[in-house]
1. If you filter segment A:96-188 for GluC sites (Glu not before Pro), then keep DSSP loop positions with at most 11 other Cβ within 10 Å, what is left?
2. Treating the beta-carbon of each Lys and Arg as +1 and of each Asp and Glu as -1, no other charges, what is the dipole magnitude of segment B:287-554 about its Cα centre, to the nearest 20 debye?
3. In degrees from 0 to 90, rounded to the nearest 10, what is the angle of the helix A:289-298 Cα long axis to the longest principal axis of chain A?
4. Would you calculate a helix-derived [θ] at 222 nm for chain A, using -39,500 (n - 2.57) for each DSSP H run of n ≥ 4 and dividing by the full residue count, to the nearest 500?
5. Any idea what the relative contact order of segment A:24-92 is, in percent, if you count C-alpha pairs under 8 Å spaced at least 6 apart?
6. Given Cα pairs under 8 Å that are at least 6 residues apart, what percent is the relative contact order of segment A:112-336?
7. Roughly what % of DSSP beta bridges within chain B run antiparallel, to the nearest 5?
8. Could you tell me the calculated FRET efficiency between A:Gln140 and B:Tyr458, based on Cβ-Cβ distance and R0 = 25 angstrom, to the nearest 0.05?
Amino acid sequence: MIRYLARRTLTMAVTLLVISALIFFIIKLPPGDFLTNQIAELRSQGEAASVAKAQFLMQQYGLDRPVWEQYLRWIGLWPNPDGAFNGLLQGNWGWSFEYDRPVREVVGDALWLTLVVNLAVVIFVHVVSIPIAIYSATRQYSLGDYIATFIGYIGLATPSFLLALVMLFYANRWFEVSIGGLYDSAYAGQPWSWDKVKSLLAHLVVPTLVIGLGGTAAMIRRMRANLLDELAKQYVVTARAKGLPPTRALLKYPFRMSLNPFIADIGNLLPHLVSGSVLVSLVLSLPTVGPILLAALKSQDQFLAGFILMFVALLTVVGMLVSDLLLAWLDPRIRLGGSAR
Amino acid sequence: MTAPLLSIRDLTVDFSADTGDFRAVDGLSLDVPAGRTVALVGESGSGKSVTAQAILRILPKAARIGGGRILFTDPRRGRSVDIARLAAESSEMRALRGGRIAMIFQEPMTSLSPLHTVGDQVTEALLLHAAVSREEARRQAVAVFERVGFPDPKRALVTYPFELSGGLRQRAMIAMALITKPDLLVADEPTTALDVTTQAQILDLLRDLQAETGMAMLLITHDLGVVANVADSVAVLYRGRLMEAGSREDVFRRPGHPYLKALMRAVPRFHMQEGERLTPIREVRSAVLARKAGEPHRPDPPGPLLAVRDIAKSYTLRAGWFSGTVRRIDAVKGVSLELWPNRTLGLVGESGCGKTTLSKIVMRAIRPDAGSVTFDDGGGAGPRDVFALKDRELKDFRRAVQFVFQDPFSSLNPRMTVYEILTEPLRIHGVGTPDERYERAKELLDMVGLDTRSLRRYPHAFSGGQRQRLGIARALALKPRVLLCDEPVSALDVSVQAQVLNLLKDLQASLGISYLFVSHNLAVVDYIADTIAVMCRGRIVEEAPKAALFRNPAHPYTRALLAAVPEPDLDHPLDLKLLMSDRFSDPASWPEPFRLVGAETGTMQEISPGHCVRVSGSSLRQAA
């Protein structure tokens, strides 16, 4: 077990290193960078003081150096001009040129709000879709199954940003509430209080519904298909032949088996918590990471964009590890397999 | 006279399907007296499994009981219940199901949940039906595990099904059924998926348990050999109707119904006359084959077509995901074989003995660690090393050696039509024009006795036997010299098995093909093979022309295998006690001079012309 973890950690580290290089070089692929663009702009406006500051920043962050050196500095494997190593490895997330603030400050609040929104979505998706899927699978081709299937297809086919716009419009028209944002604008910049949390919870409902709809529909379809496969297996008959009541037999055996693909999916779920739902966040003006990432990529704010992407990559890799460990814990065939074959 | 334990009267079961309704069981009447074994015999689709499901009320959704009674008389309470009238999920029915009436299934592999320990699944049955504590349930489970022959009953509690061999899994199933001490055990093909030796052990176990507990058994099987050995009375089912019923003596000594007689003639037996042919219930007829029989064969090589010399292959296994422990397994070691033109070499052994590895090496699907395989197509170039073939020569070899698979259901792509399936090999090898391929496909269908109009149909429209014939037709498409048949009939009913075996024989006679026929059923191999090689733990232990092997089996393992085949003949009962220990498959516990310790491979010694047996090196030195 310890050997396995050590091996996995090592491969994870290597993977992250490769990803960081890819991220950085792809961000640097378009010609120029945030500061050169800014300097050009400032020069045309003749603002000498600002140009000097930009040029200082440029030297400070080595944007005049070759790309590989910039990369090594960013991750903290190359000394800065002052001779110190100060990069991601040392816990310095870098500087956002656009906001003119450290990346840590820019993404700080947004990062955990993103997690809150998307965790709510994940919980919503599972709580709603699993019972419906079980109902659908155990009563295949019944009226209820057809209705669930129909709604599922509509859910799959509706673009979530469109749904967000529609809901935005009608919420304003009928209830005269603005559902944009994650809390009432009165609380913006306020310290967290009980009222602010209540406002947050109230505002969470619509984004959760909008973002979760597609996922719920997809989950119902997949869960139903998985469960139908398992229901046809011989061990289900064995369970019935034992005299097990139907619900207990269902939950203990086929349902348990059909969960495996979803556990394996946790690896994909974690990064989705951050990078998913960008469009909806834009439409509903949610203060989440998605829109920040989009803006950073557009303006070539390289350290901000790079950090967010690295963070997503880290979540992916950790998510994979977690789902693998969970699978091994839950499925004895994976834990003990190999010798039996 | 007391009422029988189970009394079925005029039972009908109807299925409703998209293609229309049909009656799976039609007016069946049957009695199972307490403490006796009744065998329900029939081919697949005869309604025997549906009857079992009706007794436990676990019929599939599409089926319903149309009429009749299933009277179960609980000997403890002396009161009869009509199971057919109970609601399937009523608490009364659930108390019977698994409690008073238990069932075991054919596939021990899939009948147990892979995610729960054997202990959990066995104690669950007891906890459902008896008011016992978890501790008590575990204690009783250990006792049952011990009774059904688990080597380490305490460990079995925390063992998962996939860690067990097929035989042990079936024992776990039996433990699960028996822990509630049922009055009636319904056994649906309990030994069909097992090796003959394991089958004999399980049958013996069931018989002993029955004697101890006094439970009755309804044994559902298509194997008349099993019936002859364990049943007290027999009921024969055909298309949902009862054809014949009576005591074992009556049914076997004086079969009355023509269907039963036909079924008996279809089973391969030892003691068959030389050249005697099985009579399947439906014989395959082919115009093309009859025409081809007159044509001269291709030129044969002077020596063997395929020669395998001192092949060895070992696998390394990691013990588990998290452990670095590595184990080495010798799948095949020191195996030499020869396959001659127009001949059949039978390869016999239990599962895990290395038969499949060997056949994969022969077709160059895996590379051996040592040894050589040579192939001579009779083209005059002489024998060539199969693993050195390249490009054109390799393609020729691929065409010359084809494979027939065990499972006719998973070996045909359900999304391809028969025409596509049969012509795919031709297209891959670029043989002929589309018109010629179409003609060839029709010819192939005719050769295996299928209607040439079925080219546009999909595999699901065919029965198991027909699918297996499609598989054979596909293997024949490229006019191969050698067919590797890996258990080609073990998934088929006896009547269909006879049909496929006869077809293989006819094809050989007309087309001059050689077969490497891998099977665990000695009677089947005896019927089809010319030479038989017996394999155990990766080694060939005995090889002989079939007459010599059956007349004078020298090796203890061969003798055990022979003794384990149940014959549909009351005069040749199984000697079950002989097979109760696992010792016969352990080379270290064979008697001298056959004893092989550790990695010793021993040497083959010829005891009569063509009849070789493996003996240990030390015994040879002593003799010298």
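Coordinate-derived values only; no laboratory data. Just so it is clear, the structure is predicted and the values come from calculations on it, not from any experiment. Here Cβ is always computed from backbone atoms with ideal geometry, including for glycine, and neighbour counts include all displayed protein chains.
1. Passing sites in segment A:96-188 are A:Glu176.
2. For segment B:287-554, the charge dipole is close to 620 debye.
3. 40
4. Calculated from helices alone, the mean residue ellipticity at 222 nm is -23500 deg cm²/dmol.
5. Reported relative contact order: 20 percent.
6. Answer for segment A:112-336 is 26 percent.
7. 60
8. The pair A:Gln140/B:Tyr458 has a calculated efficiency of 0.65.
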